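S.K.: The structure follows.
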Amino acid sequence: MAYEIDKPEEQWRAELSPEEYRVLRQAGTEPAFTGEYTDTKTTGVYNCRACGAELFRSGTKFESHCGWPSFYDPADSDAVELIEDRSMGMLRTEVRCARCGSHLGHVFEGEGYPTPTDQRYCINSISVRLEPTEG
Ligand SMILES: [Zn+2]
C-alpha cells in the first residue's frame, strides 16, 4: 500500500537515530519501562516521530503498568493503520502511522482495563513525540 509520506529507506535511516529507525522502520520494540513517555501525564498531543502526524492525545493515555505508553483510542481512527501481525508465533494487531507507514506498536483488546474502549494501544515511546499543550 502507498503512504502519503513515502521515502526511500536510506532517507529514513539518515533522518532517524539508529534506535528510532530500528523501531519505526523495522518494527522493533523498545525494552519495557525504558521509554521516555511510559509514565508521562503531561497534557498534549503525541505525534509520529517519523512524519509528525497527530496520533494520540494525552486524554486517552492510561496507566496500564505494562511498561509502554498505553492509549485506549487514537486521536482519529484514520490516523493509524491496523495490520495483522503473525510474527513471533502470536497473532497480534500491529499499529502503524497511516501517513508514513512507520511502526508504532500493537493494539490489544478485551484485557479488562477500565477504559471506554477496552483496547490498549501499546505504543513505543520512541515512535512518538509529545507536544505539550500550552498553558
Ligand atoms: Zn508517521
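S.K.: Being in contact with a Leu (Cβ under 6 Å, 6 or more places away or on another chain) and within 11 Å of Val128 (Cβ to Cβ) narrows it down to one of Ala79, Ala50, so name that one.
M.R.: Just one listed residue meets the conditions, Ala50.
S.K.: Mind listing whichever residues of the stretch 22-36 are open to solvent by less than 30 Å² (accessible area, probe 1.4 Å) and within 16 Å of the ligand (Cβ to nearest atom)?
M.R.: Val23, Leu24, Gly28, listed by residue number.
S.K.: Please go through the stretch 94-127 and give me each residue that is in a loop (DSSP other than H, G, I, E, B) and within 18 Å of Gly59 (Cα to Cα), ordered by number.
M.R.: Selection gives Tyr113, Pro114, Thr115, Pro116, Thr117, Asp118, Asn124.
S.K.: Related question: Take the residues of the stretch 45-65 that are among the small types (Gly, Ala, Ser) and on the phi < 0 side of the Ramachandran plot: which is farthest from the ligand (Cβ to nearest atom)?
M.R.: Ser64
S.K.: Here's something else I'd like to know. Can you list the strands (runs of 3 or more DSSP E) lying wholly within the stretch 43-93 that have 1 or more residues being free of Cβ contacts under 8 Å to residues at least 40 places away in the same chain?
M.R.: 54-57, 80-85
S.K.: Looking at the stretch 5-20, is at least one residue closer than 27 Å to Met88 by Cα, surrounded by fewer than 16 Cβ atoms within 10 Å (Cβ to Cβ), more than 16 Å from the ligand (Cβ to nearest atom) and aliphatic (A, V, I, L, M)?
M.R.: no
The values are calculated or read from the model by the stated rules, or taken from the named source; none is laboratory data. Everything numeric in this text was worked out from a predicted model, so none of it was measured. We place every Cβ from the backbone using ideal geometry, glycine too, and count neighbours over all the protein chains shown. To get the accessible areas, we keep the full protein, side chains included, count just its heavy atoms, and leave off ligands, DNA and RNA. Shrake-Rupley method; radii C 1.70, N 1.55, O 1.52, S 1.80 Å.
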